[in-house]
1. Look through Phe120, Phe157 and report the one residue that is within 23 Å of Ile210 (Cα to Cα) and among the aromatic types (Phe, Trp, Tyr).
2. Name the residue, out of Ala48, Ala90, that is over 25 Å from Ile210 (Cβ atoms), in a helix (DSSP H, G or I) and touching a residue at least 12 places away in the same chain (Cβ under 8 Å).
3. Limited to region 145-186, what total is found for residues that are closer than 24 Å to Leu8 by Cβ and of a type outside the set (A, V, I, L, M)?
4. Any chance region 117-130 includes a residue that's outside any helix (DSSP H, G or I), among the hydrophobic types (A, V, I, L, M, F, W, C) and touching a strand residue (DSSP E or B) at 6+ places or on another chain (Cβ under 8 Å)?
5. Given the residues Leu117, Leu129, Leu142, which is the only one that is surrounded by fewer than 21 Cβ atoms within 10 Å (Cβ to Cβ), at pLDDT 95 or above and closer than 28 Å to Ile14 by Cβ?
6. Taking region 26-45 on its own, how many of its residues are of a type in the set (Lys, Arg) and part of a loop (DSSP other than H, G, I, E, B)?
7. If the requirement is being of a type in the set (Lys, Arg), more than 22 Å from Ser176 (Cα to Cα), out of contact with any Pro (no Cβ under 7 Å at 6 or more places or on another chain) and touching a residue at least 24 places away in the same chain (Cβ under 8 Å), which of these qualifies: Arg78, Arg62, Arg102?
8. So for region 186-197 (the condition being aliphatic (A, V, I, L, M) and in contact with a Phe, Trp or Tyr (Cβ under 6 Å, 6 or more places away or on another chain)), does at least one residue qualify?
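The values are calculated or read from the model by the stated rules, or taken from the named source; none is laboratory data. Keep in mind that what you see is a predicted model, and the values were worked out from it rather than measured. Cβ sites come from the backbone with ideal geometry, for glycine too, and all protein chains shown count toward neighbours.
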Amino acid sequence: MNSGSSLLFRVLLILAVFLALKYFVPFGKTVLYPINLLVTFLHEFGHAIGAIITGGGVNYIRVNPDGSGLTESVGGWRSIILMGGYIGSAVFGNILLYLGTRSRQTARITLIVLAALMIFSGIWWFNSLYSTIFLILFSGALIVIANYSNFQSEVLFFLGLASVVRIVEDFNVGPSSDLEQYAKTIPIMPASWWMYVWLVIVLIICFYNIRMILRTQRY
């Protein structure tokens, strides 16, 4: 089996595991609960990055037990900040997916960096005890996997793929409040239209990421 076929097999296998956990395994939703919170964190972190790169600041990031989240920012470009949640989380998910196909050392470093960002967010942008505890516990698990296992690539690949699938799958649910605010900020089309614009952008990002992964696997 060549590297391209091996990668495709890994993608399909991990996708099958994710879908099985979500739809068929009785305790699957419990297993995926931390992944759902990770996606929420990536979404809120995308808002925070959107604020920072446009000259604004971040007061806090919150991840709620029900999977929702909230970021309070000041200044910056509101349109970029709003887009940063859904599209930013898709970018981060695709980065995790891509780096999960690299070497184990790359995957190890990526897991540690992700853990550091989560710890930083939970402490520096503190808002709720639940958010901080979740971010620190998840970070601890990532650090253990990075330093004391041989599954760094598989875990990072699963996190990236599961995040991307969740983001695409929930496009009409996850960013609904952001879309409403975005339609008010740039009122050239209704929120329902912007929803599909954002989805197309995310699908293009996913397409080019998979294409780049398959291309690099040939060499």
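1. Phe157
2. Ala48
3. Number satisfying all stated conditions: 11.
4. Yes, because at least one residue in region 117-130 is outside any helix (DSSP H, G or I), among the hydrophobic types (A, V, I, L, M, F, W, C) and touching a strand residue (DSSP E or B) at 6+ places or on another chain (Cβ under 8 Å).
5. Leu117
6. 0
7. Answer to the check: Arg102.
8. no
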